[in-house]
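Notes for the one structure printed next.
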Amino acid sequence: MRLVLLGAPGAGKGTQAKKLIEKYGIPQISTGDILRKAVADGTPLGKEAKSYMDKGELVPDSVVIGLVKERLAQDDCKKGYILDGFPRNTAQAETLDQVLAEMNAPLDVALVVDVDKDDLMKRLTGRRTCRGCQQMYNIHFSPPKKEGVCDKCGGELYQRDDDKEETIKNRLDVYERSTAPLIDYYGKKNILKTVKGVGSIDDIFNNICSILDSQQS
Ligand code: AP5
Ligand code: MG
């Protein structure tokens with residue numbers, strides 16, 4: 001299963017991807033996670049990416065496309081993968097199509113996790129993420145059992161630098177401008193599916209699995 005997860009910041013792409021990894025045994029490729037790791041490690045890539053991420057802008061295509069190409073070539077992607085946060089604009093989507101055509105392995109599904117804009121701010125300001133395993137929590141909707149500590153691995157929970165109100169507003173604008181047009185892009189290729197991203201995380205997950213399983217059969 002070669003899957004792209006689309007959806008606004010805070011829609012729940014990462015939350016659902018973590019559950020899909022377990023069920024389908026395929027890796028999640030989150031460009032946001034890869035870039036945040038580079039920032040935390042202080043690599044040259046991280047230094048370049050940080051200035052864009054802190055403003056809620058997209059990191060240049062040349063940087064991100066290179067990262068994804070390298071990741072897709074790894075062995076664990078042979079069975080499929082979940083692309084989370086990539087592609088983010090038409091240029092990235094077109095390049096991805098070219099790369100996958102060369103590999104003779106086109107995308108199976110582009111799935112939009114659809115959440116109204118009004119719900120996203122509270123989700124993002126309340127998000128906490130584990131430094132160890134990247135599991136997401138939310139202080140309003142899905143808090144950890146012990147404040148500040150990951151239920152899964154005991155790691156420390158932190159708030160992302162770009163989850164500040166002003167930055168979130170810009171991320172949502174960038175999404176509307178650059179990423180939302182991909183809904184049409186994949187619609188025209190007949191691989192677009194949509195799931196409502198509101199309600200319990202498990203219910204949304206079950207709906208996603210029904211969609212994916214019907215594609216595979
Ligand atoms: P990225 O890391 O991709 O962030 P994003 O797209 O803004 O999306 P988020 O990770 O914020 O949201 P999500 O949909 O994963 O939601 P989550 O599951 O965490 O990108 C960050 C930055 O990196 C970009 O701004 C850009 O600078 C750069 N970047 C990354 N990719 C790039 C690319 N391809 N090109 C260029 N630049 C790139 O959930 C959010 C919260 O809601 C959590 O607290 C969660 O617990 C909660 N939640 C989840 N589901 C529910 C539910 N059903 N009900 C209530 N709460 C819920
Ligand atoms: Mg995410």
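The values are calculated or read from the model by the stated rules, or taken from the named source; none is laboratory data. Quick caveat: nothing in here was measured; it's all calculated off a predicted structure. Every residue, glycine among them, receives a Cβ derived from its backbone with ideal geometry; neighbour counts consider all protein chains shown.
Brief remarks follow.
- Checking D33 against (1) farther than 30 Å from G199 by Cα; (2) under 15 Å from the mean Cα position of the chain (by Cα), the condition it does not meet: (1)
- Test for A105: is it over 15 Å from the mean Cα position of the chain (by Cα), within 13 Å of I29 (Cβ to Cβ), among the small types (G, A, S) and away from ligand 2 (no atom under 16 Å from the Cβ): no
- Looking only at region 11-43, and only at residues there that are more than 9 Å from ligand 2 (Cβ to nearest atom) and basic (K, R), the one that is nearest to M53 (Cα to Cα): R36
- Among the residues of region 157-207, not one is acidic (D, E), farther than 30 Å from G132 by Cβ and buried (at least 18 other Cβ atoms within 10 Å of the Cβ).
- Restricting the search to helices (runs of 4 or more DSSP H) fully inside region 10-108 and requiring at least 3 residues that are over 21 Å from Q134 (Cα atoms) and either among the acidic types (D, E) or away from ligand 1 (no atom under 15 Å from the Cβ) (or both) gives 90-102.
- All conditions in (1) closer than 23 Å to D54 by Cβ; (2) near ligand 1 (Cβ under 10 Å from one of its atoms); (3) not in a helix (DSSP H, G or I) hold for V174, with the sole exception of (3).
- The combined condition, being under 19 Å from G7 (Cα atoms) and either free of Cβ contacts under 8 Å to residues at least 24 places away in the same chain or not in a helix (DSSP H, G or I) (or both), is fulfilled by L111.
- Checking Y52 against (1) out of contact with any Pro (no Cβ under 9 Å at 6 or more places or on another chain); (2) surrounded by fewer than 20 Cβ atoms within 10 Å (Cβ to Cβ); (3) modelled with pLDDT of 95 or more, the condition it does not meet: (1)
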